[in-house]
Structures are given as C-alpha cells and as structure tokens.
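Written out below as structure tokens is the structure these notes cover.
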Amino acid sequence: MNNQDLKTILPFKMIIESDMEKMRHDTFYDKEPETINWIKHFPDNNVFMDIGANVGIYSLYNAKLHPESFTVACEPSLGNYLHLASNIAMNGFMNVMSVNVAFSNQNAFLPLYLPNIAVGSSGGQLNAPQDSKGKQFNIMGAQDTMAFQLRTFLDMFTHLGKLIKPTHIKIDVDGHEGQILDGMADYPELQSMLIEFNSKESEKHYLDILSSWGFTTDNDFNKFTPHSTTRRQAEGDNESVNIIFTRKQHEQEDKDATT
C-alpha cells in the first residue's frame, strides 16, 4: 500500500449513495486541507460546533480524532441531516449530536430553498433562492426550517443537563454567514472559528467586528499550505475564502509569560 492509497482511507465510515457523497469521501483530504489541519490542532476535550455540517465529514473527523471531545453537528437540509445522523450512528460515536436547525439573524421558521436535492449537495439558502454570489437559482426543493440566532441557541442548548458552550465553531453555509454572525455574541469559552466568506466586502466588515471581540487572523492556520484558496482560484472563484480566527494574546498575558 502506498501513500496515495492511504489518502483514500478515511478514519470514519460514511454512507455513499449519491455522486455528491462520493465526491466528499474522495476529496476529504484535498478539498479543504486547512480545515483538517485546524481540527487536528483542537485540544482533546474540545467542544466543536459544525454549522453547515452537510453529511458530517468534519464532525465525524473530530469525533474520531478526539474521543474526549463533544461535537454539535448542525444541518438544516433534511436529506443531508438524515445521512448525517446515520453516519454518526454507523460509527457508534456517542460524542456527536446532530441537530436539524439553521442559524440566522432571527428566531423564526424560515423557508430553505435548495438548488439540488441530492444528498451531500450544498448551496441551500434561507429566505430567497439566491446563491452565495447573489445569483438567482432554480428551486429544486424547499422546506420550512427552524432558524435561531446563535446567541439564543447557545443560551438554552444543554446536553445531559449541562449548558453547551463551543470552544471551536465552523460556519460554512454558502452565503449567509454574515447573518449568522449578526445573530452571534462573543463569549470567553470560544477559542477559534473557521468562517467561509464569499465576498471581500463581507470579509472586511466581519474582520473588523471579530477583531473588536478579541480575535485575530494572524495565525499559522491561515498560512497553511496547500489551502483551498488555491483550488478555488483555479476554478475561477477569487472571492470565497476560509479564514480561521483565533484569540489575540493580550499584552498583559505576554508580560506574565516572560516573568
């Protein structure tokens, strides 16, 4: 067995019934290498919130890599969610919870429009059938889904009687990441976030906000190569980018560390 063979062996099992699921399986190590690197560096007892989990590949990876962790895998599309839940059960993971909800800047039942109903597909949008670039798409499926402000959800979300506060959050929802951030509040337990931005304007706006919360993009995660930005640019997408935010080191903490 050579190294190329090893790249096709995932550390978890998953259902593969659609072309999209096969693609996610086959490109796991290549599609977003920076995301895998980020998860590898989580502490073993992390609490990971995967917003836009799809069929759960990154949630499953964290659960396998860090058995003492707890993952909340959030996916609004019913078809994806059912396979997400099945993937968790098939692996026997007791440290992952699947949640069939969306997140936005309001607490309400909202329409979710799908450009593709094949399991494993992405691109579903709340409120309007417009993709991450603002272009109208043909509606192939639609459903009503419960959407929460993230701050509301985290103020009430418990597991085994304990309030859950994620230490790491991934937000990848193909276009309405900003609405999720608008419905979010900072809290001290949060150590890092990975956010996919789909426009430079949105990226700049939320960089300023997250900086004011005490987060920085000046970390080794964003310098990791290979990075999905290279693939996206080769595909003609010069706007979308994954950015990882980590807590800034406070000046006093730096002084204390040297004394």
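The values are calculated or read from the model by the stated rules, or taken from the named source; none is laboratory data. Bear in mind the structure is a predicted one, so any value in this text is a computation, not a measurement. So basically every Cβ, Gly included, is an ideal-geometry build from the backbone, and we count neighbours across all protein chains shown.
Residues in the range 216-243 that are assigned to a strand (DSSP E or B) and under 21 Å from Gly123 (Cα atoms): Val241, Asn242, Ile243. Phe215 meets the conditions (1) among the hydrophobic types (A, V, I, L, M, F, W, C); (2) over 30 Å from Tyr113 (Cβ atoms); (3) within 17 Å of the chain's Cα centre (by Cα) in every case but one. The failed one is (3).
Filtered by the rule that a residue be crowded, with 19+ Cβ neighbours inside 10 Å and not aliphatic (A, V, I, L, M), the range 184-202 gives Ser192, Glu196, Phe197, Asn198. Once the range 143-163 is narrowed to residues that are under 26 Å from Phe197 (Cβ atoms) and among the hydrophobic types (A, V, I, L, M, F, W, C), the residue that is modelled with the lowest pLDDT is Phe157. Looking only at residues in the range 156-183 that are of a type outside the set (Lys, Arg) and surrounded by fewer than 13 Cβ atoms within 10 Å (Cβ to Cβ), the one that is nearest to Gln106 (Cα to Cα) is Met156. Take Val72 and tell me if it is in contact with a His (Cβ under 6 Å, 6 or more places away or on another chain), under 30 Å from Asp237 (Cβ atoms) and touching a residue at least 60 places away in the same chain (Cβ under 8 Å). Spelling it out, it is not the case that Val72 is in contact with a His (Cβ under 6 Å, 6 or more places away or on another chain), under 30 Å from Asp237 (Cβ atoms) and touching a residue at least 60 places away in the same chain (Cβ under 8 Å).
Of all residues in the range 43-61, how many are surrounded by fewer than 24 Cβ atoms within 10 Å (Cβ to Cβ) and either assigned to a strand (DSSP E or B) or free of Cβ contacts under 8 Å to residues at least 24 places away in the same chain (or both)? The number of residues fulfilling the criteria is 1. When Asp218, Asp208 are screened for being loosely packed, with under 15 Cβ neighbours inside 10 Å, modelled with pLDDT of 95 or more and of a type outside the set (S, T, N, Q), only Asp218 passes.
Looking at the range 97-198, the strands (runs of 3 or more DSSP E) lying wholly inside it that each contain 1 or more residues that are among the aromatic types (Phe, Trp, Tyr) sit at 102-104, 108-114, 141-149, 192-197. Of the residues in the range 73-91, how many are crowded, with 17+ Cβ neighbours inside 10 Å and more than 11 Å from Gly56 (Cβ to Cβ)? Qualifying residue count for the region: 3. Criterion applied to Lys223, Lys200 was being over 17 Å from Ile171 (Cα atoms) and basic (Lys, Arg), and the one residue passing it is Lys223. The listed residues are Glu32, Glu21, and the only one of them that is surrounded by 13 or more Cβ atoms within 10 Å (Cβ to Cβ) and in contact with a Gly (Cβ under 6 Å, 6 or more places away or on another chain) turns out to be Glu21.
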